[in-house]
Amino acid sequence: MQKPHRLVLDRMTGYADEAAAYVRRRRLTRKPFARVYVEGGAGAAHSPDTEAGRDLFLAAARLIDAAR
């Protein structure tokens, strides 16, 4: 017979494994994008495959480098 605390530990380990697998799957399917909002609340998402998206990603990279 297992000790009671081991049963709880096994359950928590199982939950942690499931959570890690979920995050790993989500990270693989997520694609980068840049979202730009204009006055009035409307927004547009730009993928890095488009010219506007590429320009936004390059500008963001320059800002991050400048902040370091």
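The values are calculated or read from the model by the stated rules, or taken from the named source; none is laboratory data. Since we're looking at a predicted model, the values are computed, not measured. Ideal geometry is used to build each Cβ from the backbone, glycine not excepted, and the neighbour counts take in all protein chains shown.
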Requested in this report: Please find, among R25, R54, the residue that is surrounded by 10 or more Cβ atoms within 10 Å (Cβ to Cβ), in a helix (DSSP H, G or I) and touching a strand residue (DSSP E or B) at 6+ places or on another chain (Cβ under 9 Å).
Outcome: R54
Report task. Find the residue count for the stretch 3-42, including only residues that are at pLDDT below 90, closer than 30 Å to A61 by Cα and small (G, A, S). Result -> 5
**Report entry** Qualifying residues in the stretch 28-51 (those that are of a type outside the set (G, A, S) and touching a His at 6+ places or on another chain (Cβ under 9 Å)) - the one surrounded by the most Cβ atoms within 10 Å (Cβ to Cβ)
**Finding:** F33
Report summary line: Of A19, A44, the only residue that is part of a helix (DSSP H, G or I) and among the hydrophobic types (A, V, I, L, M, F, W, C) is A19
